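Enquirer: Encoded as structure tokens, here's the structure I'll be asking about.
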Amino acid sequence: MTIQQSLATTARLSDLLGDRIVLPGDAAYESARLPWNRAIDQRPFAVARPESAEDVVDIVRAAASVGLRVAPQSTGHGAGALADSDLSDAILLSLAGLRGVTVDPEARTARVLGGSQWNDVVAQAAPHGLTAMHGSAGDVGVVGYSLSGGLSFFARTHGLAVNSVRAVQIVTADGRLLRASAGENSELFWAVRGGSGAFGIVVSIEIELLPYGDLFAGMLLWDASRAVEVAHAWSAWTGTAPESVSTSLRIMHFPPLPELPPFLSGRSVVVIDGVVLEGDDAAAGIIAPLRALSPEMDTFARIPAADLVHMHMDPPEPSPAMSAGAMLEAFAGSAVDAWLAAAMSTAGLSFAEVRHVGGAAARRPDGAGAVGSIAGDYLLAGIAMVPFPDLAPVAHGAVHALVAAMADWHAPSLALTFIDGGVSRKRGFRGAIARLRELKAVYDPAGMFAAGHPVD
């Protein structure tokens, strides 16, 4: 685009959208373009800030009229996945101003606006003794997480969060506002459940809720000097754990920062956390072998379901980080040893995690969309914090070194919410990729939407 074309485009956008569009040079641009993951330097042609579904329609139509693409984003936790896209010809459509949740306690469903976070859903569901299949952090966006699969601590019992989606309201590339469900625009509904932002801007979503007002959950913590013993014990224990149990194992390296709790600051620790969807006595019996390892901290107890979003200790504020992940077919013996070696010795690695998956998460239910299950009994995830921009290459190398160290055990699948850029999504979409591409050509033939997980 020439300078003259750029000037003409910006002028046209200002005429069409007024203060709903933020352009480079505007005072608000530098803050408006920032994702939650501050390590990602996204610089779109402009940032749009809708506050209603009608605003989104106007923005999509305006983008089409001036030949720009549109990249949807709610919180920007997964902004690394969008980093493969050059946004210089795209409007970053920030849904942060489109928040709200309405719960139907009798139907056990919630209607969630497109920019809403899981904290919003949990807060509205809790008074009715309900909760949702949220992730490990409460400030993650509901739409992107859910429509990209969504792996929660309820997954082994209830499957992936994408299967809880009952309908979406979506603005398509031709500027139409459509409802898609099993009985309405069913092909689009199939595609968006996995294809997510590749097919339009989801302005609201209807999800099923879970009937848990409280649950048995918590964490066990040891010094990292116990990592070998704990990791092998957890690996063996997961081989017999029932599907009512979803847990994770992490080695976490913390810098000596005053804002961290004393039990974490400047330490390396090994942590097991998760949920046991059983009565107290049964749950205590299930985790007894782990408690027998004498953790220095044990918080497992019955807690309000709304408190679960704090259990995993994800950063509460926007943070800069690199991440990478893979699904594993097995995690025992030499696989555990390889993980321990990488987790304890890789320079720049902050957190190395393995989650026990399988169970209902591996079974595709009837009526599922493009993504309805995930193969592999364990999820591998690595995170490296990036306190200074010049450390980004080190962080990138660290997380990918962890994934590479476990290559012998990789499963032919991906959890889309645990990968950033530079990774083919084919293993995440698996057998659905051909049909997704056909439907992309139907609903977005010009490739207007720049998705974090592209299907074309």
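The values are calculated or read from the model by the stated rules, or taken from the named source; none is laboratory data. None of the values given here were measured: they were computed from a predicted structure. No Cβ is skipped: glycine too gets one built from the backbone with ideal geometry, and neighbour counts run over all protein chains shown. Calculation scope for accessible area: heavy atoms of the full protein, side chains included, ligands and nucleic acids excluded. Shrake-Rupley method; radii C 1.70, N 1.55, O 1.52, S 1.80 Å.
Enquirer: For G447, are the conditions met, namely being at pLDDT below 90 and surrounded by fewer than 19 Cβ atoms within 10 Å (Cβ to Cβ)?
Expert: Answer is no for this residue.
Enquirer: Could you pull out the residue among A361, A404, A384 that is modelled with pLDDT of 95 or more, over 18 Å from S244 (Cα atoms) and buried (at least 24 other Cβ atoms within 10 Å of the Cβ)?
Expert: A384
Enquirer: Within region 67-91, restricting attention to residues that are open to solvent by 30 Å² or more (accessible area, probe 1.4 Å) and closer than 18 Å to L16 by Cβ, which residue is nearest to the chain's Cα centre (by Cα)?
Expert: My answer is R69.
Enquirer: Now, a different point. Restricting to region 435-452, name every residue that is outside any helix (DSSP H, G or I) and over 20 Å from the mean Cα position of the chain (by Cα).
Expert: Of everything in region 435-452, those that are outside any helix (DSSP H, G or I) and over 20 Å from the mean Cα position of the chain (by Cα) turn out to be D444, P445, A446, G447, M448.
Enquirer: Determine whether I40 is surrounded by 21 or more Cβ atoms within 10 Å (Cβ to Cβ), out of contact with any strand residue (DSSP E or B) (no Cβ under 8 Å at 6 or more places or on another chain) and either closer than 23 Å to P445 by Cα or touching a residue at least 12 places away in the same chain (Cβ under 8 Å) (or both).
Expert: Yes; evaluated as a whole, the condition is true for this residue.
Enquirer: Of (1) closer than 20 Å to M311 by Cα; (2) touching a residue at least 24 places away in the same chain (Cβ under 8 Å); (3) open to solvent by less than 60 Å² (accessible area, probe 1.4 Å), P261 satisfies all except one. Which?
Expert: (2)
Enquirer: Could you look through region 413-426, keep only residues that are open to solvent by 40 Å² or more (accessible area, probe 1.4 Å) and free of Cβ contacts under 8 Å to residues at least 60 places away in the same chain, and pick out the one that is nearest to A381 (Cα to Cα)?
Expert: Once the filter is applied, the top-ranked residue is S424.
Enquirer: Here is a follow-up. Which one of these is crowded, with 21+ Cβ neighbours inside 10 Å and at positive phi: G194, G175?
Expert: G194
Enquirer: With the checklist (1) open to solvent by 40 Å² or more (accessible area, probe 1.4 Å); (2) more than 30 Å from P127 (Cα to Cα); (3) not small (G, A, S) in hand, flag the one item M327 doesn't pass.
Expert: (1)
Enquirer: With the requirement that a residue be among the hydroxyl-bearing types (S, T, Y) and open to solvent by less than 60 Å² (accessible area, probe 1.4 Å), what does region 292-324 give you?
Expert: Correct list: S319, S323.
Enquirer: Can you pull out every residue in region 296-333 that is acidic (D, E) and at pLDDT 95 or above?
Expert: Those that are acidic (D, E) and at pLDDT 95 or above: E296, D298, D307, E329.
Enquirer: Okay, moving on. Quick one: L7 ticks every box in (1) open to solvent by 50 Å² or more (accessible area, probe 1.4 Å); (2) part of a strand (DSSP E or B) bar one, so which box is it?
Expert: (2)
Enquirer: Continuing with the same structure: With the requirement that a residue be part of a helix (DSSP H, G or I), surrounded by fewer than 19 Cβ atoms within 10 Å (Cβ to Cβ) and touching a residue at least 24 places away in the same chain (Cβ under 8 Å), what does region 271-283 give you?
Expert: D280
Enquirer: For region 387-401, give me each residue that is open to solvent by less than 60 Å² (accessible area, probe 1.4 Å) and without any contact (Cβ under 8 Å) to a residue 60 or more places away in the chain.
Expert: G397, A401
Enquirer: A follow-up question, please. Among the residues of region 217-237, which ones are open to solvent by 10 Å² or more (accessible area, probe 1.4 Å), part of a strand (DSSP E or B) and over 13 Å from S248 (Cα atoms)?
Expert: Hit for region 217-237 is D223, nothing else.
Enquirer: Of the residues that make up region 418-434, is at least one closer than 24 Å to T247 by Cα, in a loop (DSSP other than H, G, I, E, B) and in contact with a strand residue (DSSP E or B) (Cβ under 9 Å, 6 or more places away or on another chain)?
Expert: Yes, that holds for at least one residue.
Enquirer: All but one of (1) of a type in the set (G, A, S); (2) surrounded by 18 or more Cβ atoms within 10 Å (Cβ to Cβ); (3) in a helix (DSSP H, G or I) hold for G115; which doesn't?
Expert: Failing condition for G115: (3).
Enquirer: Out of A62, A132, I need the residue that is crowded, with 20+ Cβ neighbours inside 10 Å, more than 16 Å from the chain's Cα centre (by Cα) and touching a residue at least 12 places away in the same chain (Cβ under 8 Å). Which one?
Expert: Residue meeting the stated conditions: A62.
Enquirer: Do you know which residues across region 178-191 are open to solvent by less than 10 Å² (accessible area, probe 1.4 Å) and assigned to a strand (DSSP E or B)?
Expert: Result: A180, single match.
Enquirer: Write out, first by first residue and then by second, each pair whose Cβ atoms fall under 8 Å of each other, whose residues are 6+ apart or on separate chains, and whose first residue, in region 179-190, is touching a residue at least 60 places away in the same chain (Cβ under 8 Å) while the second is of a type in the set (V, I, T) and surrounded by 19 or more Cβ atoms within 10 Å (Cβ to Cβ).
Expert: L188/I170; L188/T172; F189/V168
Enquirer: Turning to a different aspect of this structure: One residue is enough: does region 135-150 have a residue meeting the conditions acidic (D, E) and either crowded, with 22+ Cβ neighbours inside 10 Å or part of a loop (DSSP other than H, G, I, E, B) (or both)?
Expert: Yes, region 135-150 contains at least one residue that is acidic (D, E) and either crowded, with 22+ Cβ neighbours inside 10 Å or part of a loop (DSSP other than H, G, I, E, B) (or both).
Enquirer: Could you pull out the residue among E229, E187, E206, E259 that is out of contact with any strand residue (DSSP E or B) (no Cβ under 7 Å at 6 or more places or on another chain), closer than 17 Å to V162 by Cα and not small (G, A, S)?
Expert: E187
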